[in-house]
1. What pairs come out if I take residues in segment 1-30 that are within 15 Å of L53 (Cβ to Cβ) and pair them with residues that are modelled with pLDDT of 95 or more and of a type in the set (V, I, T) whose C-beta lies under 9 Å away, six or more apart or interchain?
2. Going through segment 1-33 one residue at a time, which ones are within 23 Å of S70 (Cβ to Cβ) and more than 14 Å from the chain's Cα centre (by Cα)?
3. Please count how many residues of segment 64-77 are assigned to a helix (DSSP H, G or I) and either among the small types (G, A, S) or closer than 19 Å to T8 by Cα (or both).
4. Suppose we filter segment 44-63 for residues that are in contact with a Leu (Cβ under 7 Å, 6 or more places away or on another chain) and crowded, with 18+ Cβ neighbours inside 10 Å; how many remain?
5. May I ask you to list the residues in segment 62-87 that are aliphatic (A, V, I, L, M) and under 11 Å from the mean Cα position of the chain (by Cα)?
6. Just to verify a result, which residue in segment 78-99, among those that are part of a loop (DSSP other than H, G, I, E, B) and open to solvent by 70 Å² or more (accessible area, probe 1.4 Å), is farthest from L39 (Cα to Cα)?
7. From the set of residues in segment 53-63 that are without any contact (Cβ under 8 Å) to a residue 12 or more places away in the chain and part of a helix (DSSP H, G or I), which is nearest to L39 (Cα to Cα)?
Amino acid sequence: MSVTYTATLPARERTVVFLTSLLDDERRRRGTRTGRRALTTFHHAVLVLRWFLDATRVAQLAVDNGISTSTSYSYLHEGVDVLARRAPKLESALLAAKM
């Protein structure tokens, strides 16, 4: 027997919307056709943010979204890669810290 519950993600709505838009752009860049992915970009963003903010296990993310663990890992890595491309370069970060 399992128990289902609803939780609140400790993130601002604009954070989820921002990541959703990055994932939308990535899917367009890859040429992903509409309806071909198991999760929408919104649910994909929530999966990634749950991993970052709550350290939710990947296996649990998979169960919660009705996808396989390997698919959950793929979604997670795609989300991390999209965010990493937006991160400042080390030189820029050090210069900003120096100022």
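The values are calculated or read from the model by the stated rules, or taken from the named source; none is laboratory data. Small disclaimer: the values here were computed from a predicted structure and weren't measured. When we count neighbours, we look across all protein chains shown, and the Cβ atoms used for this are built from the backbone with ideal geometry, even at glycine. Accessible surface is based on the protein model in full, side chains and every heavy atom, while ligands, DNA and RNA are left aside. Shrake-Rupley method; radii C 1.70, N 1.55, O 1.52, S 1.80 Å.
1. That search, which allows pairs on different chains as well, returns L9/V16; L9/V46; A11/V46; V16/V46; L19/T41; L19/V46; L19/V48; L19/V82.
2. Hits for segment 1-33 are S2, R29, R30, G31, T32, R33.
3. Adding up the residues that qualify gives 5.
4. Qualifying residue count, segment 44-63: 9.
5. L76, V80, V82, L83
6. For segment 78-99, the residue satisfying everything is M99.
7. A62
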